[in-house]
1. Please give the contour-minus-distance gain from residue 109 to residue 80: 0.36 nm per residue of separation, less the Cα-Cα distance, rounded to one decimal in nm.
2. Give me the compactness ratio for segment 50-110, meaning the Cα radius of gyration over 2.2 N^0.38 Å.
3. Within a 10 angstrom radius of the beta carbon, how do 191, 89 rank from fewest other beta carbons to most?
4. State, to one decimal in nm, how far the label point of residue 186 lies from the label point of residue 51, with both points 7 Å from Cα in the Cβ direction.
5. Just 33, 99, 155 to compare: in a GNM of the chain, with alpha carbon springs under 10 Å, which one fluctuates most?
6. Project the alpha carbons of the chain onto their principal axes and report the range along each, largest first, in whole Å.
7. Work out, in µm²/s and without decimals, the Stokes-Einstein translational diffusion coefficient of segment 145-225 at 25 °C, 0.890 mPa s, Rh from Kirkwood over C-alpha pairs.
8. Please give the calculated 222 nm ellipticity per residue for the chain, where each DSSP H segment of at least 4 residues contributes -39500 (n - 2.57) and the sum is spread over every residue; nearest 500 deg cm²/dmol?
């Protein structure tokens, strides 16, 4: 079965002009920037070891207000997670939509899970291309290499290098992303680990090759070359 048949959106790379050049360290498209702006102040590394329900509740307030005020980030969330049964301008429905955007089946599935602050710091280091910061975290906590997110997708840190399926605000690519992937794999991350998105269980390989962001940054091949050195 092809990825398209499994419901995975196959991205069509496009040139974004000056949105990314070899002189830039970080590629972040406008949609990702808009969602980051919408949810400013609710970043996982800022919130600490809070219950995931608290994250959902805080972002629901911002999403509902964003829908009412026409914030572009709210439109991105709504477009990426179409839910005709919900009116996200209402905070209760916005809670449900935020939960779905974190790949929980519904709000009830969130349960009593809490964020792991160390995992979240490491995830920020991954998407920000902060190799030395990530190395320090892995030195202190080697188990982070195989740890999983508290969110419904259950991503490992390695999945974040694909910039696909994880939280929208974290779908960025750095010129050091290949080095980040190499470090994680050296420390025991599995390229065969799957995460629960798009109605299936997908590996970092599958997510990388259906992600527009690494393609637009010109880094898909470099990241893939690293992954191929560490077959599952």
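What follows draws every value from the coordinates through simple rules; no lab data is involved. Predicted model, so just to flag it, every value in this text is computed and none were measured. FYI the Cβ positions are ideal-geometry reconstructions off the backbone, even for glycines, and counts take in every protein chain you see.
1. Values: separation 29, 0.36 × 29 = 10.44 nm, distance 1.99 nm.
Net length gain for the segment: 8.4 nm.
2. Values: Rg = 10.4 Å, N = 61, 2.2 N^0.38 = 10.5 Å.
Its radius of gyration relative to the 2.2 N^0.38 Å reference: 0.99.
3. Numbers: 191 19, 89 15.
Lowest to highest Cβ neighbour count: 89, 191.
4. Here the answer is 4.1 nm between the modelled labels.
5. Of the options given, 33 has the highest mean-square fluctuation.
6. For the chain, the Cα extents along the three principal axes come out at 48, 40, 38 Å.
7. On the way: Rh = 12.4 Å.
It diffuses with D of about 198 µm²/s by this estimate.
8. Rounded to the nearest 500, the figure is -12500 deg cm²/dmol.
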